[in-house]
Structures are given as C-alpha cells and as structure tokens.
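Report on one structure; see the data block that follows.
The values are calculated or read from the model by the stated rules, or taken from the named source; none is laboratory data. Just so you know, these numbers come straight off a predicted model, no measurement behind them. Methodologically, a virtual Cβ is constructed for each residue, glycine included, from the backbone with ideal geometry; neighbour enumeration extends over all protein chains shown.
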C-alpha cells in the first residue's frame with residue numbers, strides 16, 4: 001500500500017518536474033533528506049527516485065525549461081565547494097587500499113556537493129528561497145515528527161535512533177537540532193496560518209525527539225542554539241521568554257534516564273565513552289600528520305587496518321592521557337577530526353573556510369539588509385536561522401562525525417543565495433528611488449498640479 005502511495009505521488013510530480021527545473025530540484029532535495037528508500041519495501045524500493053529527479057533537473061536546466069533561471073557566478077562559497085570537491089577526490093584516489101568504505105562514501109560526498117552547487121541555477125528570488133526552506137523542513141522535520149510522536153506516545157520510553165543513513169542516535173540528534181531554527185523561521189514567515197502552526201508544532205515535537213535520543217551532544221547543541229537565537233534575535237525579551245519556556249518543557253518531558261545521562265557531562269574526564277572519543281581524535285589527527293595533504297581517505301579511522309597502524313599515537317592531542325588503547329576501530333566522533341583524518345590538513349582548512357565564510361555571509365546580510373527597511377526583515381531573520389543551523393553543526397559536530405551530511409551544504413549555499421537576493425533587492429530599491437527622484441526633478445517648479453481626467 002505504501003509503495004502504491006509513493007507511486008501515485010511520483011506520477012503526479014513527474015510531469016511537474018518536466019515543466020520546471022525548480023520543481024525537479026525541490027523533489028531531488030526532498031527525496032534525499034527524507035531518505036525515501038527506507039520507507040519502501042515493495043516494487044518501488046529499487047527505484048532511485050533521487051537519481052531520477054536529479055537527471056530531470058539538469059535536463060530542464062540544459063533545455064532552459066525555467067523562466068526564472070539563475071546564473072552560475074563565481075563567489076567564495078562556490079570556490080570553497082569546488083576546492084572541497086577536488087580535495088575530496090584527491091583524498092579518495094590516494095586513500096589507504098584497505099579502506100573499503102572509501103569509494104561508497106565518496107560517491108555520496110560528490111553528489112551532495114553537486115546538489116549544493118546547482119542551487120544558484122534554480123533557487124532565485126524570495127518565494128523560491130522560502131520554498132526551498134520549506135523542503136528542508138519537510139525533509140528533516142518529517143523524521144523529527146515521527147520519532148517525536150513515538151516518544152510522546154510511549155510516555156518518554158521510546159529511544160530515538162533515526163535511520164541508518166543518519167548514523168546512530170547521536171548523529172541523528174544533532175541533525176534534528178539543525179532543523180529546529182528553520183522550522184521556527186517557517187512558523188514566523190509562512191503566509192498560511194495553518195502552515196505556521198504546523199511548523200511550530202513540528203519544531204516542538206522535534207525538540208522532544210532530540211530528548212528521546214538521550215544524546216548528550218544533541219542536548220548541548222540544542223542548548224547552544226537556543227542561546228544563539230536569543231542573543232541574535234531582534235526581539236530578545238520575547239526570545240528569552242520562549243527559551244525559558246523551552247527549558248521548562250524539556251525538564252517536564254525528559255525521563256529520569258535522560259536526566260541522569262545529562263548529569264555525566266560535567267564528569268567528561270571520568271567518562272569512558274567520552275575518553276574513547278578523544279582516543280579517536282588522537283588517531284584521526286595522527287593519520288593527518290602522516291598524510292597532511294590527502295589524509296587517509298573517507299572514514300579512514302574507521303578502517304581496522306588503518307586503526308591498527310596508528311593505534312596508540314596521540315597526534316595533536318598528546319597532552320591528553322585517555323588511558324585507552326582500543327583494539328577495535330572507532331568512528332572519528334567529530335566533524336573536525338573526521339575531515340582532518342579523511343582529507344588531511346588541507347581538506348580541514350578548506351572545510352573550515354567554507355563554514356566560516358557562511359557565517360561571515362550571515363553577518364553581512366544582517367548588516368546590509370537593514371538598509372532595505374521592513375521589506376528585507378525576512379532576510380535578516382532567515383540569515384540568523386541559517387547561522388543557527390550552521391552553529392548547531394559546529395557545536396554538535398564536536399562529538400559526532402557528520403561532516404558529509406547534505407543538510408549543512410544546503411544551509412551554506414542557501415546563505416550565499418540569500419546574500420545575492422538581498423543585494424538584488426537593494427539594487428532594485430535604489431533604482432526605484434532614482435527614478436522617482438529623477439521624475440520630480442523634471443517637473444517645473446511653477447507647473448500646476450492637475451487631476452487626471454475623470455477625477456471630478
């Protein structure tokens with residue numbers, strides 16, 4: 001039955017996608033975020049919907065089936081993405097031969113970057129930006145809604161793990177936190193009242209889903225994002241009130257098991273789980289020191305033979321004594337050390353440059369958009385929401401290895417597009433002002449003001 005429903009939706013969306021590249025692009029992004037293959041178990045399971053709509057997108061762009069097609073321009077974000085792609089390709093080629101995951105992960109990596117780099121060609125003007133934010137919310141918000149409802153229905157007993165695509169519960173928690181700022185933006189700026197209420201409800205339920213993961217990293221990321229939103233809000237007192245209400249909500253719904261787990265955060269140096277993460281950071285940085293230009297390839301640290309080679313080496317963290325020497329490999333447990341071990345220090349610098357440039361774009365948008373008055377307040381608020389999403393990734397990524405999740409590259413590229421939209425809107429405002437000023441100057445001072453015909 002589920003496969004029939006998806007087939008029906010596919011048959012409806014297919015002709016729409018062939019009429020407009022933007023529609024195809026939205027479906028391409030949505031099928032990737034929702035990981036649609038995890039919900040199909042019949043004849044639709046082998047159908048690669050994501051690939052189909054990706055191909056349609058580029059076909060429609062090539063045949064110019066879009067009246068509002070954007071242009072591909074050189075900017076810092078595009079340059080960083082291209083450099084990151086080239087660095088990732090180089091690292092994949094020179095990866096350790098025993099790294100069996102290397103090419104599978106590279107295949108996912110380049111497709112995610114391609115999606116981000118295609119965005120300027122189709123996501124132009126405010127309504128398309130808004131539509132794309134909606135797709136991001138529908139993608140990750142769907143997972144938060146499903147697991148949040150399970151958490152409530154079980155009285156807090158349900159352990160939220162997420163789909164295999166997203167990794168374990170810790171990875172999933174941080175990704176859910178990244179979606180919350182955008183859900184709150186949709187709750188403020190959607191024209192439809194019911195859509196605003198739905199976005200707010202999904203945001204609240206997603207918070208519950210984060211609690212349901214029992215993830216300490218997810219909790220820290222959520223708390224950090226809450227403070228970020230308060231400090232960057234144009235209305236800090238209402239934002240602070242909402243933040244305090246959120247704390248009360250979390251305390252009210254959190255099971256005792258969650259509270260006990262969060263209390264261990266202050267005892268990180270005595271926590272074997274945390275120290276095992278530090279051990280993984282040491283090994284990852286040791287791989288980078290040995291391969292500074294290319295790293296060890298995708299998820300090198302999670303390859304047993306590579307782990308055996310560098311086990312016991314402390315890399316950049318020689319000042320930390322974990323007391324561990326694990327024989328079984330571990331994940332990188334950090335986006336920073338993940339990229340460092342995978343792509344070396346050159347890849348790490350490009351990665352950080354990409355993220356910091358996005359935050360810089362957010363600051364520029366907030367500063368420049370003020371010149372546009374109330375007409376551009378939406379852009380300021382969206383830039384702050386996107387910055388909060390990136391901040392959630394930076395904070396949550398301290399302890400989880402999600403460096404190659406498509407959601408972050410969507411947010412980074414959308415920030416660049418938002419900056420260009422603000423610049424375009426300001427140029428139009430100035431042009432209108434100049435036309436009006438020019439018109440007034442051409443009217444002689446002694447000319448009488450007359451009413452148009454029929455104004456009697």
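Output the residues belonging to the stretch 41-57 that are surrounded by fewer than 17 Cβ atoms within 10 Å (Cβ to Cβ) and more than 21 Å from the chain's Cα centre (by Cα).
If the condition is that a residue be surrounded by fewer than 17 Cβ atoms within 10 Å (Cβ to Cβ) and more than 21 Å from the chain's Cα centre (by Cα), then 41, 42, 43, 45, 46, 47, 48, 55 are the ones that fit.
Residue 423 passes all but one of (1) under 27 Å from residue 168 (Cα atoms); (2) free of Cβ contacts under 8 Å to residues at least 60 places away in the same chain; which number fails?
(1)
Look at residue 384 and say whether it is part of a helix (DSSP H, G or I), out of contact with any strand residue (DSSP E or B) (no Cβ under 9 Å at 6 or more places or on another chain) and either farther than 29 Å from residue 31 by Cβ or without any contact (Cβ under 8 Å) to a residue 60 or more places away in the chain (or both).
When the stated conditions are applied, residue 384 does not pass them.
Against the condition surrounded by fewer than 24 Cβ atoms within 10 Å (Cβ to Cβ) and farther than 17 Å from residue 249 by Cβ, how does residue 184 come out, does it pass?
Spelling it out, it is not the case that residue 184 is surrounded by fewer than 24 Cβ atoms within 10 Å (Cβ to Cβ) and farther than 17 Å from residue 249 by Cβ.
Looking for whichever is touching a helix residue (DSSP H, G or I) at 6+ places or on another chain (Cβ under 9 Å), surrounded by 17 or more Cβ atoms within 10 Å (Cβ to Cβ), modelled with pLDDT under 95 and part of a helix (DSSP H, G or I) here; the options are 354, 376. Which one fits?
Result of the check over 354, 376: 376.
Residues in the stretch 106-127 that are at negative phi, part of a helix (DSSP H, G or I) and more than 18 Å from the chain's Cα centre (by Cα): how many?
6
Sort out which residues of the stretch 305-324 are in a loop (DSSP other than H, G, I, E, B), in contact (Cβ under 8 Å) with a residue 40 or more places away in the chain and farther than 10 Å from residue 281 by Cβ, and write them in order of number.
The initial filter retains those residues of the stretch 305-324 that are in a loop (DSSP other than H, G, I, E, B), namely 311-324.
Imposing the further condition that a residue be in contact (Cβ under 8 Å) with a residue 40 or more places away in the chain reduces the set to 320, 322-324.
Scanning the stretch 305-324 gives 323, 324.
Consider residue 435 carefully, then state whether it is part of a helix (DSSP H, G or I) and either touching a helix residue (DSSP H, G or I) at 6+ places or on another chain (Cβ under 8 Å) or modelled with pLDDT of 90 or more (or both).
No.
Evaluate the stretch 314-330: report whether one residue or more is within 27 Å of the chain's Cα centre (by Cα) and surrounded by 18 or more Cβ atoms within 10 Å (Cβ to Cβ).
Within the stretch 314-330, one or more residues are within 27 Å of the chain's Cα centre (by Cα) and surrounded by 18 or more Cβ atoms within 10 Å (Cβ to Cβ).
Condition test on residue 96, is it at pLDDT below 95 and within 23 Å of residue 75 (Cα to Cα)? Walk me through it before giving the result.
Values: at pLDDT below 95: yes; within 23 Å of residue 75 (Cα to Cα): no.
For residue 96, the condition - at pLDDT below 95 and within 23 Å of residue 75 (Cα to Cα) - is not met.
Looking only at the stretch 1-34, filter to residues that are free of Cβ contacts under 8 Å to residues at least 12 places away in the same chain and over 26 Å from residue 120 (Cα atoms); which one of those is surrounded by the fewest Cβ atoms within 10 Å (Cβ to Cβ)?
1
How many residues, within the stretch 271-298, are more than 20 Å from residue 324 (Cβ to Cβ) and surrounded by fewer than 24 Cβ atoms within 10 Å (Cβ to Cβ)?
Looking only at that region, the number is 5.
Going through the stretch 290-304 one residue at a time, which ones are within 28 Å of the chain's Cα centre (by Cα) and outside any helix (DSSP H, G or I)?
Residues satisfying the conditions are 292, 293, 294, 295, 296, 297, 298, 299, 303.
May I ask you to say which residue of 225, 177, 230, 210 is touching a helix residue (DSSP H, G or I) at 6+ places or on another chain (Cβ under 8 Å), in a helix (DSSP H, G or I) and at pLDDT 95 or above?
Testing whether each residue is touching a helix residue (DSSP H, G or I) at 6+ places or on another chain (Cβ under 8 Å), in a helix (DSSP H, G or I) and at pLDDT 95 or above leaves just 177.
Go through 388, 431, 392, 369 for me and flag whichever is more than 18 Å from residue 85 (Cβ to Cβ), over 15 Å from the mean Cα position of the chain (by Cα) and crowded, with 24+ Cβ neighbours inside 10 Å.
369
So, in the stretch 212-227, how many residues would count as being over 15 Å from residue 399 (Cα atoms), crowded, with 19+ Cβ neighbours inside 10 Å and within 20 Å of the chain's Cα centre (by Cα)?
Going through the stretch 212-227 one residue at a time, the tally reaches 2.
Just for the stretch 60-100: of the residues that are free of Cβ contacts under 8 Å to residues at least 40 places away in the same chain and not in a helix (DSSP H, G or I), which one is farthest from residue 410 (Cα to Cα)?
Within the stretch 60-100, the match that is farthest from residue 410 (Cα to Cα) is 97.
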